[in-house]
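Quick notes on the structure that follows.
The values are calculated or read from the model by the stated rules, or taken from the named source; none is laboratory data. From a predicted model like this one, the values you see are computed outputs, not experimental measurements. Note that we place each Cβ from the backbone using ideal geometry, even for glycine, and neighbour counts take in every protein chain shown.
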Amino acid sequence: MEEKRLEKIDRIVETHGCRKERVIAILQDIQDEFGYLPEDALRRVAERLGVPLIQVYGVATFFKAFRLKPRGRHLVTVCMGTACYVRGAPAVLGELKRLLGIEPGETTDDMEFTLETVNCLGACALGPVVVVDDEYHEKMTPGKVKKVLRKYSTIDARRTRENGQAEVAR
Amino acid sequence: MQGGQGKMVRLKSRDELEQLRKEAKQKRAAFEFMVAVGCEHGAERVSAVFKEELQRRGLSKRIALKTTGCHGFCECGPLVVLHPEKILYVRVKPDDVPEIVEKSLIGKEVVERLLYVDPATGKKIMREDDVPFYKKQMRLVLGNNGLIDPTEIEDYIAIGGYSALAKALFEITPEQIIDEVKRSGLRGRGGAGFPTGRKWEACRNAPAPDGVRYVICNADEGDPGAYMDRSLLEGNPHSVIEGMIIGAFAIGAHQGFVYVRHEYPLAVKNLGIALEQARQYGLLGKDILGSGFDFDIEICRGGGAFVCGESTALIASLEGKIGEPRPKHIHTTTSGLHGKPTNLNNVETWANVPLIINRGADWYSKIGTATSKGTKIFSLVGKVNNTGLVEVPMGITLREIVYGIGGGLRDGKRLKAVQTGGPSGGCIPASLLDTQVDFEKLTEIGSMMGSGGMIVMDEDTCMVDLARYFVKFLTEESCGKCTPCREGLDRMLDILTRIVEGKGRDGDIELLEELGVVLKEASLCGLGKTAANPVLSTIRYFRDEYEAHIKDKRCPAGVCRALITFSIDEEKCTGCGACAKACPQNAITGAKKQPHKIDTDKCIKCGICRTVCKFDAIKVV
């Protein structure tokens, strides 16, 4: 397993010609492959590019697109662009946080959902927008959140009950 | 490859390009109708059904189907336009397609129910050009989006594409190109508005001992609420590529880069297809059109950092480093990417170049105001009726954009402010709606052009909360390299958070203003220098709202949770029970068909009751 993973990483590094200025693209491809950036991948990339690990780690933590922890089976992305914001995105995010019991950037314990926010998806006519995996849910309201989550999992109903009393503060 | 239907042509001269154009035009003219389907969301399915339907009825040879990029009228998408009459159908669903084919394409009738209804008059409008949203625009750059399939280079060539490149390569000298761009008055569309021609000249004249110079297209469209660059790259990537080749030829660069947001997968895909096709057709690569000029373009996907829209941070990121800006004592035109002279322009700026070369600086400079020439694309979003991309001549008033094109505000609400210039722009109050839109005027009133986001806000938007939103955004996006920006924003966020939580103190407003001045004076890059704008402009125009939060512990717009309470209007409540059912806290009680009540101790102010109530009975005070 380990070997295979490293082989994949090597292949990605090579498609970018082992060029150190392509490190962002390399990490993007690795994340597309594994869903996140495993530590051994960062080490391998640094080794193959001949740069210190701190440089690769620096890039991996500077840019928002990168994740150092595995993501859940479903990725819930809330657009927090200005257009979505003035149309009520904060209330939608609040409801998602409450139902899932996590903050943006976190994953539920059962690995079902990862919650993230994005600065703008450029789909302002549909706002507020929530994207689950690659599916767009448009004109969202807090009231619609439960229904959307239910589409992807039945677990949310249970979680709603559990979290019902313990409100996640704003 | 889709382009050229399998026939690969490498164009070796200008004549061959013109010959191909002739053929491509004839091919298009052979169709009786062209169906253009636009919009990102939902259009694909509509297009697929069209394809099936046309094939089933044996119409594929008579009727051309184009899946185009964004037409701009996002509010009414998916859009279908029937050429040559330009009949516009709005909000088309896959199920509507057979009827369109039957009635309009075979029967030459109009499907009335799919026409756009002008809310102002209640009348149906048949032709795209007559819709007020389009009528008042000047769609020089964006207009072609609706005419071409972005994955077909021959479409672009058929409508005149790459003719400006041919002119630049064979008719005029690089110096003349730069002179033309200078005289046109084109200024950077990314926000700062630096004269494009002067930047090109500086880059061309900068010493490059090894002859290496670079051109970069900044497509790291980071301003939330702005998506014109995405639409251009998705819908008409060749216009950007053509601009870049012309620029590279004028400057003497042989390698270009497009730095594009990773959040825009379709833009990356369509640009990739376009680059590949341009290479196959001999418009990129070695010896372009037999001119002896070599140039190629590479795509780099951004990593999701707002600061990388800043040129030096973008360049650092292209070098594989973290995206921190550097001081600009030495301009990037002298020492940019890998220390070489580098010319960086925004997507929209590049897309304007072919237009200027083709039609001339004299024509271009007639559009706009004394200091701002040409058109500008804005994304008109927020609480406006017609959300979408609008391209207007510089100098148009905000009122004309919001009301004339945007159709005014939703739900009959009153306009409070228009926010322009992205997170570091400013809020323009309703009283300044007659301001002409150009680089100088917007700066004068405390905002800025920015990349073109225009967010319309009504009375339900709290200006203090909005200022906090922008400052929070910028705090998260500040790279942390310089102290004023890193620490100053943090402090501003603390103070604003205090205010919206009802813990504001006397002197907070003055402290915010003082911090704002420090940020402006002492920050390293554009992000920090302009970061205080949203705070300073809201204080300037909406000071009373700040005071209401601080002194009266009240949020006039009913937004800030700590300062509001939810209650039920007994007059309006019908006792339907929808709110009680939806309330996650079981805070709402009441007998059937009797007015309900909210237990404010249990209420967490999530606002769900308000969104489910059909009778507008939930009050927020």
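Which one is farthest from the other protein chains (Cβ to nearest Cβ) among residues in the stretch B:425-443 that are under 20 Å from the mean Cα position of the chain (by Cα) and assigned to a loop (DSSP other than H, G, I, E, B)?
B:Asp438
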Checklist entry - Does B:Leu88 satisfy being touching a Phe, Trp or Tyr at 6+ places or on another chain (Cβ under 7 Å) and either in a helix (DSSP H, G or I) or touching a residue at least 40 places away in the same chain (Cβ under 8 Å) (or both)? => result yes
Checklist entry - Out of the residues in the stretch B:29-50 that are outside any loop (DSSP other than H, G, I, E, B), crowded, with 18+ Cβ neighbours inside 10 Å and not aliphatic (A, V, I, L, M), which is farthest from the other protein chains (Cβ to nearest Cβ)? => result B:Phe33
Checklist outcome for this item: Every listed condition ((1) surrounded by fewer than 17 Cβ atoms within 10 Å (Cβ to Cβ); (2) in contact with a Gly (Cβ under 8 Å, 6 or more places away or on another chain); (3) touching a residue at least 40 places away in the same chain (Cβ under 8 Å)) holds for B:Pro132 save (1)
Next on the checklist: Show me the helices (runs of 4 or more DSSP H) found entirely inside the stretch B:471-570 where at least 1 residues are in contact (Cβ under 8 Å) with a residue 60 or more places away in the chain and closer than 30 Å to A:Glu95 by Cβ.
Outcome noted: B:483-500, B:533-550
Checklist entry - Somewhere in the stretch B:95-117, is a residue at pLDDT below 95, touching a strand residue (DSSP E or B) at 6+ places or on another chain (Cβ under 9 Å) and under 29 Å from B:Leu11 (Cβ atoms)? => result no
Item to check | Residues of the stretch B:222-268 that turn out to be within 25 Å of B:Glu201 (Cα to Cα) and charged (D, E, K, R), as a count | outcome: 2
Item to check | Residues (more than 22 Å from B:Asp223 (Cβ to Cβ) and in contact (Cβ under 8 Å) with a residue 24 or more places away in the chain) located in the stretch A:118-138 | outcome: A:Val132, A:Asp133
Checklist entry - Is there any pair with a first residue in the stretch B:105-124 that is without any contact (Cβ under 8 Å) to a residue 40 or more places away in the chain and a second that is of a type in the set (Asp, Glu) and part of a loop (DSSP other than H, G, I, E, B) whose Cβ atoms are under 8 Å apart and which are 6 or more apart or on different chains, and what are they? => result B:Lys124/B:Asp118
Item to check | Residue under evaluation B:Ile241, criteria (1) buried (at least 24 other Cβ atoms within 10 Å of the Cβ); (2) at pLDDT below 95, criterion not met | outcome: (2)
Checklist entry - Could you say whether any residue in the stretch B:602-616 is buried (at least 21 other Cβ atoms within 10 Å of the Cβ), in contact (Cβ under 8 Å) with a residue 60 or more places away in the chain and in contact with a Pro (Cβ under 8 Å, 6 or more places away or on another chain)? => result no
Checklist entry - Are any of the residues in the stretch B:90-111 under 21 Å from B:Pro150 (Cβ atoms) and over 23 Å from the mean Cα position of the chain (by Cα)? => result yes
Checklist entry - Could you list, in sequence order, the residues of the stretch A:44-91 that are β-branched (Val, Ile, Thr), more than 8 Å from every other protein chain (Cβ to nearest Cβ) and buried (at least 18 other Cβ atoms within 10 Å of the Cβ)? => result A:Val45, A:Val56, A:Val76, A:Thr77, A:Val78
Item to check | Selected residue (only one of A:Gly105, A:Gly143 is modelled with pLDDT of 75 or more, within 12 Å of chain B (Cβ to nearest Cβ) and part of a helix (DSSP H, G or I)) | outcome: A:Gly143
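Does B:Ser424 count as under 18 Å from B:Ser523 (Cα atoms), in contact with a Cys (Cβ under 7 Å, 6 or more places away or on another chain) and not acidic (Asp, Glu)?
Numbers: under 18 Å from B:Ser523 (Cα atoms): yes; in contact with a Cys (Cβ under 7 Å, 6 or more places away or on another chain): no; not acidic (Asp, Glu): yes.
Here the answer is no, as B:Ser424 does not meet what is asked.
For the stretch B:463-485, name all the residues that are charged (D, E, K, R) and in contact with a helix residue (DSSP H, G or I) (Cβ under 8 Å, 6 or more places away or on another chain). Give the steps one after another, and end with the answer.
Pass one, the stretch B:463-485, residues charged (D, E, K, R): B:465, B:468, B:472, B:476-477, B:481.
Residues satisfying the conditions are B:Asp465, B:Arg468, B:Lys472, B:Glu477.
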Checklist entry - Can you name the residue in the stretch B:455-486 that is among the β-branched types (Val, Ile, Thr) and within 11 Å of chain A (Cβ to nearest Cβ) and, of all such residues, is surrounded by the fewest Cβ atoms within 10 Å (Cβ to Cβ)? => result B:Thr461
Checklist entry - Is it the case that B:Gly446 is touching a Cys at 6+ places or on another chain (Cβ under 9 Å), surrounded by fewer than 23 Cβ atoms within 10 Å (Cβ to Cβ) and away from chain A (no Cβ under 12 Å)? => result yes
Checklist outcome for this item: With criteria (1) touching a residue at least 12 places away in the same chain (Cβ under 8 Å); (2) surrounded by fewer than 21 Cβ atoms within 10 Å (Cβ to Cβ); (3) within 13 Å of chain A (Cβ to nearest Cβ); (4) outside any helix (DSSP H, G or I), B:Lys321 comes up short on (1)
Next on the checklist: Quick check on my filter: what residues within the stretch B:367-379 are more than 9 Å from chain A (Cβ to nearest Cβ) and either closer than 15 Å to B:Ser451 by Cα or not β-branched (Val, Ile, Thr) (or both)?
Outcome noted: B:Gly368, B:Ala370, B:Ser372, B:Lys373, B:Gly374, B:Thr375, B:Lys376, B:Ile377, B:Phe378
Next on the checklist: Scan the stretch B:309-316 and tell me whether some residue there is surrounded by 20 or more Cβ atoms within 10 Å (Cβ to Cβ), within 23 Å of B:Arg230 (Cβ to Cβ), facing chain A (nearest Cβ under 8 Å) and hydroxyl-bearing (Ser, Thr, Tyr).
Outcome noted: no
Next on the checklist: Just the residues that are touching a residue at least 60 places away in the same chain (Cβ under 8 Å) and either part of a loop (DSSP other than H, G, I, E, B) or buried (at least 21 other Cβ atoms within 10 Å of the Cβ) (or both), please, taken from the stretch B:271-286.
Outcome noted: B:Ala274, B:Gln277, B:Ala278, B:Tyr281, B:Gly282, B:Leu283
